[in-house]
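Asker: This structure is in structure tokens; I'll ask about it shortly.
The values are calculated or read from the model by the stated rules, or taken from the named source; none is laboratory data. Remember, predicted model here, so these are calculated numbers, not experimental data. Quick reminder, even Gly has a Cβ in these numbers, built from the backbone with ideal geometry, and neighbours come from all protein chains shown. Accessible surface is based on the protein model in full, side chains and every heavy atom, while ligands, DNA and RNA are left aside. Shrake-Rupley method; radii C 1.70, N 1.55, O 1.52, S 1.80 Å.
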Amino acid sequence: MSPAEELATCQAALAGALGEAPTVGGAAPDPAGAAAPAGDAWLEVPAARWREACRAARDLPELGFDFLRSLAGVDRPEAGRIDVVAHLFSYRHRRALVLRTSLERAAPELDSVAQVWPAADWHERELWDLLGVRLRGHPDLRRLLLPEDWPGHPLRKDWQEPAEYRGIPTRREARATAGELAKQTYLAPRGLGRDPAGGQPDGGGGA
Amino acid sequence: MGALASYLRAIGRTVLSVGDGLAVTFSYLLRAPVTLQYPDRMRVPVIELLPERSRGMLEVDLDLCTGCAACDRACPIDCIALEVVKHAERGRLIQRFDIDLGKCMFCGLCTEACPTGAIRHSHEFEGGTGDVRALVVPFVDAPRQPAKAKQEPPPAPKPLGSILRARMPGPWDRPRPPARPEGGEHAG
Amino acid sequence: MSPELQQVGREEFVLNMGPHHPATHGVLRFVLHTDGEIMRRAVPEVGYLHRGLEKLAEAHTYAAYVPFTDRINYLESMFCNQVWSMAVERLLGLQVPRRAEYLRVIACELNRIANHCIALGSIAMDVGAYTPFVYLLREREAINDLLEALCGNRLTYHYVRIGGVAHDVDEGWQGKVRAYLDHLEPILDELHSLVGGNEILVRRLGGVAVICASDAVGWGLVGPNLRASGVDWDLRRDRPYSVYPELSFEVPVGRGEQGQVGDCYDRWTVRVAEMRQSVRLLRQALERLPAGDILAKVPRSIKPPAGEVYQPVEGARGELGLYLVSDGSPKPSRAKWRSSSFAALSIVEHLSRGLMIADLVALIASLDPIAPEVDR
Ligand code: SF4
Ligand code: SF4
């Protein structure tokens, strides 16, 4: 089957399950199958039907997407949306599908699909951690990678790195100018380097 | 009874398979050792064993550098601080060329971007220090004129690493301990 | 019995394993809730190595991000380089010269052997055998030397570039690889007699922490971990990319030799078998290496058209995926890494119920997770 036919099959099957057809987006494959288009096409479902659509994608025999490859969030501030993109794969049919939904950026909330694919558990925690999407019904929605008290969600485009976290600077001190440093270290007489007699250069370990 | 028999069989298998493994281990007594005792007992310094493409610490040959800043632009993490100023009488001057080797990830993008080969990877790698700032290596002492893109005749290439060694303190300043002769302490 | 003694054993004991622990493969922590030696659950706490590599991608151009991909997983940097390059090439519609494709295969398969050396060595070490680890590191050292001669660095290769590879190889280098393969094959047999058949290793791994096929698929395990559970799947064969369709190799699958399909011992044997297949692939690739360019004509500033791709490759730990979104500017707008270790660690809590602490160590080692790849 060509990618276009595969996508059409998936679309029809999901339409049957949801009662409304998901929209095709992205580099929609050319029905004639002529030139392979750059990039992937996807099926977009309304956020309210997300869990239903995911369950159908896993359970319908003609879909059978048993492997959740990745679940990613994409921040699109210019549109005021956060997209959630699931990359699915079916070992039975040897076929991939991109399923997508779009959320309000101001208060992104989505039904968790951790009950559909256990693999979604950590991906959703990451989604909450890095993009601030609240997953309804997630068994254990804690931050995954960052500390619990980290300010904000860094993969948002407008996130600003704080200057310090609990008193620890997040950046290395500004580079001293070559002149200042030259006085301290480099042009110091040879032997003040690292050899045992000379000890560390200035400012090294102190006394 | 059956349990005891299988228990005894397991012990038997264990002894046999451990013997199997020990046979391999003992065979290493008869093979040449592969371990080398770094750094003191190497017969040849490691630096001479490195392949030609090895990407060690960076150095800049100011006799070649045109101050074009291609390296500065190519570096993904801003380790290169290059300042070129316009002087009323002397024209363009390279005022500063520092490389922060503490930040550098030795990716080689800067050397690939350089049109003259002025910035290059030496094979030096032993840059450990107690002060991270000591890894910012300045290559310009006083403002100097950049080189011309095409020089006739081209200046003689400097030995790899010599520029860097002159610019930062390092283990190269220490006298090397004499290498142990072969067959000294077992190195395997 | 005194009242105090009656209380003993009623409580859950919480134990931290890590962040610095010889059996945790990088900086990660497990919170063990135990009842004596038996685990109620082990909760992995990750994030200690989060470097924001996905955020960093938004700030760098496509070509300048390649060295960052080296840091995703320092044991299989070649695959990270490759998946990034392949994703950008697909967005650009770029055709990679055949010689470059072959060189990628050669470099990647060498990297796979090196990675499995570490994986097998640490499995053996974590169940108490130190010697195999040292022997395997020695083999890996030879690969490090080969790859250093090829691309200039021992771990962070920065070799596969967008549109091809960075350096060409000469006859001398190919000869060295062949000589190494000749040397490696008997070592793999030796590995089997040294450890593979060892009763202690068999008892520590056989039948321990069995992952059934449906769990493996559901939790998103990939690569050797998935195949050990009996799922016959390899992207190189089933979703062919690069020049793998031209090369012949087999896909080893767990058979439950010393217990059940999907136990720790299967994860060990699958990796050993994969090393042999890599040797086979390397010999063929060296044999057929065509002449030609090693780098396609890549535009000076890479600006892929707006669009998005999900690009998987079969890395040493299985499917390494990259979801890359371009908005038409010179910098990517979103990059998401889907790594094998991420899935492998997320299943640990599920599997840990009722396991002994010592078996947990075997389980973690056999899943071969690597912390920087989880945290990115
Ligand atoms: S090697 Fe890479 S990181 Fe280091 S200065 Fe050059 S471009 Fe920057
Ligand atoms: S080192 Fe090379 S790239 Fe950098 S400014 Fe000098 S000539 Fe230009």
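Asker: What figure in square angstrom, to the nearest 10, would you give for the accessible area of B:THR111 with a 1.4 Å probe?
Answerer: Approximately 40 Å² for this residue.
Asker: Tell me, what does the Kirkwood hydrodynamic radius of region B:53-170 come to in angstroms if you use every pair of distinct C-alpha atoms?
Answerer: 14.6
Asker: Could you tell me which of rounded, prolate or oblate describes region C:265-376, using a ≥ b ≥ c as the square roots of the eigenvalues of the alpha-carbon gyration tensor, with rounded for a/c under 1.5 and, failing that, prolate when a/b is larger than b/c and oblate otherwise?
Answerer: oblate
Asker: Follow-up question, since we're still on this one. Just to confirm the filter: which trypsin sites (Lys or Arg not before Pro) across region B:74-146 are DSSP coil and have at most 15 other Cβ within 10 angstrom of their Cβ?
Answerer: Here the sparse-neighbourhood loop sites are B:ARG90.
Asker: Now a separate question. On C-alpha positions alone, give me the angle between the axis of helix C:131-151 and the longest principal axis of chain C, in degrees, nearest 10.
Answerer: Taking Cα atoms only, the helix is inclined about 20 degrees.
Asker: Roughly what % antiparallel, to the nearest 5, for the DSSP beta bridges in region A:3-150?
Answerer: Within region A:3-150, antiparallel bridges account for around 80 percent of the total.
Asker: Within 10 Å, at most 11 other Cβ atoms, and a DSSP state outside H, G, I, E, B define an exposed site. Report the longest part of chain B free of exposed GluC sites (Glu not before Pro).
Answerer: Excluding the exposed sites themselves, the longest stretch runs over B:90-181.
Asker: For chain C, what is the convex hull volume of its Cα atoms per residue in Å³?
Answerer: 135
Asker: Measure nothing fancy, just the Cα-based angle from helix B:2-27's long axis to the longest principal axis of chain B, in degrees from 0 to 90, nearest 10.
Answerer: For B:2-27 against chain B, the angle is about 50 degrees.
Asker: Tell me which trypsin sites (Lys or Arg not before Pro) from region C:238-347 have a DSSP coil assignment and no more than 14 other beta carbons within 10 Å of their own.
Answerer: C:ARG255, C:LYS297, C:ARG300
Asker: Please compute, over every Cα-Cα pair in the protein assembly as shown, the percentage with a separation greater than 35 angstrom.
Answerer: I get 53 percent for the Cα pairs in the protein assembly as shown exceeding 35 Å.
Asker: Oh, and also: Mean shadow of region A:3-150, computed from the convex hull of its alpha carbons, in nm²?
Answerer: Its Cα hull, projected and averaged over all orientations, spans 9.3 nm².
Asker: What's the magnitude of the charge dipole for region C:67-150 around its Cα centre, counting Lys and Arg as +1 and Asp and Glu as -1 at the beta-carbon? Answer in Debye, nearest 20.
Answerer: 260
Asker: Partner chain Cβ atoms within 10 Å, averaged over the residues of C:295-306 - can you pull that number for me?
Answerer: The per-residue average across the peptide is 1.
Asker: Quick check on the protein assembly as shown: of the DSSP beta bridges with both residues there, what percent are antiparallel, nearest 5%?
Answerer: Given both bridge residues lie in the protein assembly as shown, the antiparallel proportion sits at roughly 95 percent.
Asker: Okay, next question. Under a straight-distance cross-link criterion of Cα-Cα below 23 Å, which lysines are reachable from C:LYS331, leaving out those fewer than 8 residues away in the same chain?
Answerer: Candidates past the 8-residue exclusion: A:LYS157, B:LYS103, C:LYS55, C:LYS297, C:LYS303.
Asker: In terms of the ratio Rg/(2.2 N^0.38 Å) built on C-alpha atoms, what value belongs to region C:80-216?
Answerer: 1.27
Asker: Next question, about the same structure. In chain C, once you exclude exposed GluC sites (Glu not before Pro) (DSSP loop, at most 15 other Cβ within 10 angstrom), what's the longest stretch remaining?
Answerer: C:38-249
Asker: Can you give the helix-only mean residue ellipticity at 222 nm for chain C, where every DSSP H stretch with n ≥ 4 adds -39500 (n - 2.57) and the sum goes over all residues, rounded to the nearest 500 deg cm²/dmol?
Answerer: Roughly -14500 deg cm²/dmol at 222 nm, from the helical runs in chain C.
Asker: Kindly express, to the nearest 10 degrees and within the range 0 to 90, the angle between helix C:171-191's C-alpha long axis and the longest C-alpha principal axis of chain C.
Answerer: 20
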